[in-house]
Amino acid sequence: MDKDGASLLPRRTTRSLASASSSVPDAKVNSLGPLTIDDLLVGGDPISLDGLISSFPGRSSQIHQILHLLGPLNSPILPLFVYGGSSTGKTSIVLQLFRHLNRPLVYSSCRTCYNQRILFESILSQLLLHRRNASNGYSNAKRCERPSDFVNCLRDALTNVINNLKEKSETQRGIGNMVYLVFDNFQLVREWDKSSTILPLLFNLHDLLKMPEVGLIFISSTSPDTFYSNMGYVEPIPVYFPDYTDGDIRQILLRNQPNQNLYSSFLKVALSHFCRMTRQVDELSTALKPLYDKYCEPLKNKEVIPTGDMKRKLFTLLVETREETKQKGNHNNLKHFEEIGELDFHMSTSAKYLLISAFLASRNPATLDASLFDAKGGSDNRKRKRKASEKVLEKKETLEEELLMKGPGSFPLERLLAIFQCLVSVAEEPYDEEEQTHDGLGVQGGNGGLMNNVLLQLSSLCNANFIYKGRSCPIEGAMRYRSTISEDLALKVARSLKFPLSKYLYRR
């Protein structure tokens with residue numbers, strides 16, 4: 001669930017009691033009454049549409065779009081695919097919309113339901129109004145592992161729920177006879193075992209069930225293009241949640257502040273700098289808190305309304321604090337790079353080659369990979385194809401220079417591994433003996449051992465801030481990386497390996 005709206009969500013008994021009953025005394029659990037159809041509703045006081053929109057700044061268009069797609073009471077809908085970056089309000093808004101509409105839903109997170117059996121049984125237990133307790137051995141309503149069994153059991157369970165809703169709608173208006181299945185953190189399904197089977201099954205549920213009273217909603221942090229294949233199912237309707245703008249973030253951060261005038265003056269100074277690094281509200285809130293405390297130190301009364309002179313004094317103090325922090329950071333970085341002189345004693349050979357590969361991927365245009373990294377692991381000036389025209393060469397050189405002027409670029413994991421495989425295939429320095437004793441990713445040739453634990457090495461380099469791990473692209477759905485080391489450090493690492501770095505580095 002997205003953290004920026006988590007505090008707004010009331011607690012649902014069907015979720016909490018079904019999963020945490022093992023920590024509650026048996027007598028208390030057994031004293032709870034049986035679940036009813038009302039437990040499929042999002043609890044809490046009714047919320048108006050205006051209240052919902054005001055609770056989520058910058059999300060008015062998405063709220064109205066989902067409301068339009070859900071339609072009036074008892075309206076059949078096509079599957080929805082709600083996607084966007086993390087901490088953009090996707091889950092919170094969907095659940096609060098159902099609280100506003102007062103419609104039943106079955107919510108399952110693919111983070112806690114981390115394989116298909118747990119997901120199947122969680123959905124069935126909720127539909128069958130089953131509560132785990134000591135009397136049933138804290139077991140689910142049904143044990144279900146096979147997709148075919150799940151579809152049959154799901155159809156029966158949904159039929160019972162829909163019939164109950166129809167009976168209830170005769171005496172209680174406003175609920176209707178529709179039930180919705182919500183799959184949160186749906187991008188994680190791609191990492192499951194048998195994901196090639198479970199993904200088509202879930203996308204095909206709309207056609208398999210053929211029940212107009214059932215709606216499907218998928219919530220993902222990656223775009224629908226990362227899932228689709230030629231399987232013949234009805235494509236869900238996409239609803240995109242973009243990153244918050246600076247103005248949206250400002251409104252969100254101001255919501256729970258006791259002195260909004262003071263905090264607003266602080267945000268005018270600090271927010272723009274932090275938004276360059278991240279736009280996730282939870283990360284920004286955590287990062288800004290100690291800085292705001294420092295900003296308020298000269299004030300005896302934090303409820304005061306800041307004047308122009310006061311703002312200038314607080315701004316001066318904040319700038320001085322920032323300069324002190326920057327100087328400390330530069331000192332630490334200098335000390336860090338001085339310690340790199342001992343690189344040969346504490347960095348493995350494979351990590352060095354991975355570091356060089358990331359440096360080349362950031363500095364070289366991707367269009368030159370084919371010429372710089374051929375099957376023999378380097379450019380061969382004797383191999384020439386048809387000579388390009390001067391105009392084409394000038395255009396290509398201009399584009400490559402523009403890429404260089406932008407600084408280190410980002411690159412996907414696939415490109416990094418391809419460059420890494422090329423470099424280790426022509427390595428002159430033998431790899432560590434300890435790396436020969438492990439099985440792992442390998443390449444054909446004498447240096448296959450260098451590919452061992454390459455993903456673990458990449459994680460270590462990211463933790464050491466040699467490689468920056470960015471956010472996944474909402475369009476491509478893939479994680480991107482960027483090298484943070486200087487050319488001097490890259491040359492130093494290359495010399496320790498006796499590796500000709502200049503042969504692979506593009507120069508104007």
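Table for the structure above
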item: Only listed residue being free of Cβ contacts under 8 Å to residues at least 60 places away in the same chain, among the β-branched types (Val, Ile, Thr) and under 20 Å from ILE198 (Cβ atoms), chosen from ILE63, ILE118; result: ILE118
item: Subset tally (residues that are part of a loop (DSSP other than H, G, I, E, B) and surrounded by fewer than 21 Cβ atoms within 10 Å (Cβ to Cβ)) for the range 88-112; result: 3
item: LYS90 among the basic types (Lys, Arg), within 19 Å of ILE217 (Cβ to Cβ) and assigned by TED's automatic domain parsing to the domain that holds MET178; result: yes
item: Complete set of residues in the range 253-284 that are closer than 25 Å to GLY84 by Cβ and of a type in the set (Ser, Thr, Tyr); result: SER272, THR278
item: The range 234-271: number of residues that are among the aromatic types (Phe, Trp, Tyr) and within 30 Å of LEU208 (Cβ to Cβ); result: 2
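The values are calculated or read from the model by the stated rules, or taken from the named source; none is laboratory data. This one's a predicted model, so the numbers in the text were calculated from it and none came from an experiment. All Cβ positions, even for glycine, are placed from backbone atoms using ideal geometry, and neighbour counts span all protein chains on display.
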